[in-house]
Amino acid sequence: MTPHASRLPSRVDTDGGRRWWQFPLVWLVISGPAIVVVAAFATLAIAIIYPDQEVGADTPAATAAHSPGAANAR
């Protein structure tokens with residue numbers, strides 16, 4: 001035995017030699033942010049395909065809010 005061998009930490013193989021992708025907890029940790037990214041792109045696609053109508057002075061919602069009888073209707 002060499003004099004330096006006693007100073008080296010002993011390595012105990014507790015994972016059975018498995019790689020990182022073979023642990024289920026790793027996939028649980030990765031899947032959370034991955035699902036959020038997919039949902040963000042799905043929301044972006046929906047927003048691009050079906051844009052909301054702009055609310056301006058000529059829309060029915062804007063004209064009804066500024067009509068004289070609007071305050072009495074509430």
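The values are calculated or read from the model by the stated rules, or taken from the named source; none is laboratory data. Here the structure is a predicted model, which means the values were calculated and not measured.
As a summary of the residue check, Gly17 satisfies the conditions (1) in a helix (DSSP H, G or I); (2) modelled with pLDDT of 75 or more except for the one numbered (1). Residues to consider are Gly32, Gly56; find the one that is assigned to a helix (DSSP H, G or I) and either hydrophobic (A, V, I, L, M, F, W, C) or at pLDDT 75 or above (or both). One residue alone meets the criteria, Gly32.
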